[in-house]
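*Asks:* Pasting in a structure now, in structure tokens, and then I'll have a few things to ask.
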Ligand code: PHE
């Protein structure tokens, strides 16, 4: 009988236990349900019970256990829902949270501006692959086999097949277009190019170029000059001057580097560099690309009659132009994805 009293007593205790908060609930669990609690202790008494009474005893203890477990569960849920109720209620009539809109990357802005300017001059856009073969990147462009000119551009080759490389310039698109069409042609292409160069404020192993060319009967250097002069003024402002410096490229003859004036309105010289003069080196001129009259060998390589047709070509760096236009001093900013930098270009038309 003693054991029955114990069971009854425990039941009263369970029912009367004050559970008004989480701490009390935990005390309840410890007292009755935990391994060292009273209900498991009661289970241990089984061995002292006469075999014929064990079944009834077991059932009573189980009832007690269910009572305590259910009470614990009920209170646990009740306290959990109190927490959610004290949090801000969901107002279903509120408008949906709006995703923040991004803005165009400065290189995309400049790319779009370039496209608009050249399309107005009657150029159309062409594309070519970034993974190129030797012919389109070098040989077709009149780079002789094993010629040091190939080293002007530090190239990423595919180890297993040196015939394949990441294009080092967009001039490869010239070859692709010339192979597939006959003049007259006036086209440009913009895209990523790769060179094995250490990353610094002024160089990167991945950058962007735009390439343009014009082939027809009687195209001359004067046409090249006028086209680029017009482009520079449209892109950088009507006061912009251009300058050509003699240079060498295997695929153009004669060849010239294209410079634009850094900032003609600033009597102190170049505003971009400020006092540091790290971009124009104090000269007031900045190189934006290379150009020249397409070498007759290149035309012949692509099945275009070099006796009948002449053409000019030019290639320019997008990063360089963007840095000049928006006074950006470090090339690495373009690839860091820093919102403080990118947000400054919100609302600029591209
Ligand atoms: N492809 C040359 C370079 O990347 C630039 C260039 C293009 C020069 C077209 C002349 C004509 O350096």
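The values are calculated or read from the model by the stated rules, or taken from the named source; none is laboratory data. Values in this document were obtained by computation on a predicted structure and should not be read as measured data. In this analysis, Cβ positions are derived from the backbone assuming ideal geometry, glycine residues included, and neighbour counts consider all displayed protein chains.
*Asks:* Kindly evaluate residue 345 against the criterion of being surrounded by 14 or more Cβ atoms within 10 Å (Cβ to Cβ) and over 23 Å from residue 228 (Cβ atoms).
*Replies:* It is true that residue 345 is surrounded by 14 or more Cβ atoms within 10 Å (Cβ to Cβ) and over 23 Å from residue 228 (Cβ atoms).
*Asks:* Within the group 132, 151, which residue is in a helix (DSSP H, G or I) and farther than 25 Å from residue 330 by Cα?
*Replies:* 151
*Asks:* Oh, and also: So residue 115 passes all but one of these: (1) outside the structural domain of residue 170 (by TED's automatic domain parsing); (2) closer than 30 Å to residue 328 by Cα. Which condition number does it fail?
*Replies:* Only one criterion is unmet by residue 115, namely (1).
*Asks:* Further question on the same structure: Evaluate the following for residue 189: is it loosely packed, with under 15 Cβ neighbours inside 10 Å and within 23 Å of residue 143 (Cα to Cα)?
*Replies:* no
*Asks:* For segment 187-231, how many residues are modelled with pLDDT of 95 or more, within 13 Å of the ligand (Cβ to nearest atom) and over 16 Å from residue 290 (Cβ atoms)?
*Replies:* Total satisfying the criteria: 5.
*Asks:* Sticking with this structure for a sec: Of the numbered conditions (1) at pLDDT 95 or above; (2) not in a helix (DSSP H, G or I), residue 299 satisfies every one except a single condition; which is it?
*Replies:* (2)
*Asks:* A follow-up question, please. Quick one: how many residues across segment 49-62 are touching a helix residue (DSSP H, G or I) at 6+ places or on another chain (Cβ under 8 Å) and either in a helix (DSSP H, G or I) or surrounded by fewer than 13 Cβ atoms within 10 Å (Cβ to Cβ) (or both)?
*Replies:* 5
*Asks:* Filter segment 289-312 down to the residues that are more than 16 Å from the ligand (Cβ to nearest atom) and within 30 Å of residue 260 (Cα to Cα) and list them by number.
*Replies:* If the condition is that a residue be more than 16 Å from the ligand (Cβ to nearest atom) and within 30 Å of residue 260 (Cα to Cα), then 309 is the only one that fits.
*Asks:* Please go through segment 137-163 and pick out each residue that is within 16 Å of residue 296 (Cα to Cα) and either touching a helix residue (DSSP H, G or I) at 6+ places or on another chain (Cβ under 7 Å) or not assigned by TED's automatic domain parsing to the domain that holds residue 197 (or both).
*Replies:* 138, 140, 141, 142, 143
*Asks:* Identify all residues within segment 143-185 that are touching a residue at least 24 places away in the same chain (Cβ under 8 Å) and within 11 Å of the ligand (Cβ to nearest atom); write none if there are none.
*Replies:* Within segment 143-185, 143, 149, 153, 167, 168, 169, 170, 171, 172, 173, 174 qualify.
*Asks:* Further, regarding this structure: Answer yes or no: is there a residue in segment 200-214 that is in contact (Cβ under 8 Å) with a residue 12 or more places away in the chain, closer than 24 Å to residue 118 by Cα, more than 31 Å from the chain's Cα centre (by Cα) and not in a helix (DSSP H, G or I).
*Replies:* Yes - at least one qualifying residue is present in segment 200-214.
*Asks:* A follow-up question, please. Within the bounds of segment 78-85, is there any residue that is touching a residue at least 12 places away in the same chain (Cβ under 8 Å) and either out of contact with any strand residue (DSSP E or B) (no Cβ under 9 Å at 6 or more places or on another chain) or within 30 Å of residue 23 (Cα to Cα) (or both)?
*Replies:* yes
*Asks:* Quick check, is residue 132 in contact with a strand residue (DSSP E or B) (Cβ under 9 Å, 6 or more places away or on another chain), loosely packed, with under 13 Cβ neighbours inside 10 Å, more than 30 Å from residue 7 (Cβ to Cβ) and modelled with pLDDT of 95 or more?
*Replies:* No.
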